[in-house]
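What follows is a single structure, written as structure tokens, with notes after it.
Readers should treat all values here as calculations from the given coordinates under stated rules, not as data from a laboratory. Keep in mind that this is a model prediction, so the values were computed, not measured. Counting neighbours? That spans all protein chains shown, and the Cβs are built from the backbone with ideal geometry, glycine included.
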Amino acid sequence: MGAGEAVHGSFHCAGVRIDEIGPSEAVAILCGSRYGTARQTHLCNSYTLSVAMRDLSYRQLLNASDLNFADGHYVALVGRWRGGKVMTERVYGPTLMLRTIDQGRDRGLRHYLYGSDPRTVERLAAALRERYPGVEIVGVESPPFRPLTAGEEQSLFERVRAAEPDVFWVGLGTPRQDTFVDRYAERLGCTVVPVGAAFDFHSGNKRSAPALAQKLGLEWAFRFATEPVRLWRRYVFGIPVFMVGVVTDRFFRGRPDKGARPATPPAGRTEFPVNGVTPEVTAVTVDGVEFPAEVDTPLNGPDAQAEALKEAPEEAPKPLISEHPA
């Protein structure tokens, strides 16, 4: 967390520290981002936390982050139950992205879009430029569908150094995008925000849930109905695991993960240094069922992922970079 920022209370939800920050304050925090100050952020919903319940390294990287926003309706609800007066609304990733881009125009905020596939990320950039005239999008890139090589990592750092973005938006799906944040934020030197499906929603690839469904906490039902084959395991197994995590939080509260920033009462939180790099999570197992590292793009599902990995060339294709500086 940057110098001079307010210190926030936090609470545990399924063993993960969630910061007591509402939507408007989250936008204000991101609008204060500047290149040269690295910051790790995560948006936590019930699925994110169900994965963290069963994967220690993933839980540790979330607990070691600078900011964990309550992206899920039920995560925010748990915060209210546990005394968080500001947790009246969730910090919904797609809305956080739009509001930050909108309000950041007056501050000259510079944005980098990283994720999804070439068609989607270019459509996203075009849609944002049309909706928010004057927005500074300084990088548009679709990464290869596999882990980056050392050479590709260095090339990414050089492109980001040349572009100098203040906010680096990542759309790689959970948990892959969170491990990307943990692994690269410090070397990217800016605020890195994983927003997953926001790339598909704002590019026009997919419809987001109706406002009423979101308000009632039924977004999961809408997404399940529209993508049952891809998402059935997320909800059939993830929701029960999340509920168990909420009930058993008292066990986690007394024994935080090594190196984690522990949850504290609303009065404030002591800052601790961020841990080093943790291994990238490629899959987790819940009750005997393996969950792949999901990617919210047209290249999803176990079969598509397997094919993409088999067909990946030895040398990565040159990443797609926007020719438009802003």
* **In Å, descending, principal axis extents of the Cα set of region 23-78** => 35, 25, 12
* Output the peptides 127-135, 28-36, 216-224, 46-54 sorted from most to least packed, where packing is the average of other Cβ atoms within 10 Å over each peptide's residues. => 46-54, 28-36, 216-224, 127-135
* To do: Just rank Lys206, Lys215, fewest to most, by other beta-carbon atoms within 10 angstrom.
  => Lys215, Lys206
* To do: For region 80-140, give the magnitude of the charge dipole about the Cα centre (Cβ charges: +1 Lys/Arg, -1 Asp/Glu; no others), in debye to the nearest 20.
  => 360 debye
* **Residue-count net charge about Gly108 - beta-carbon cut-off 13 Å; Lys, Arg +1, Asp, Glu -1** => 0
* Asked: Got a sec? How would Phe199, Phe11 order by Cβ neighbour count within 10 Å, fewest to most?
  -> Phe11, Phe199
* Whose amide H sits under 5 Å from the amide H of Arg110, counting only residues 5 or more places off or on another chain, with H placed in the peptide plane? -> Asp166, Val167
* Which FRET efficiency, nearest 0.05, do Asp106 and Ser24 yield, Cβ-Cβ r, R0 22 Å? -> 0.90
* What is the magnitude of the charge dipole of region 150-228 about its Cα centre, with +1 placed on the Cβ of each Lys and Arg, -1 on the Cβ of each Asp and Glu, and no other charges, expressed in debye to the nearest 20? -> 320 debye
* Please tell me the relative contact order of region 1-98 in percent, rounded to the nearest whole number, where contacts are Cα pairs under 8 Å and at least six residues apart. => 36 percent
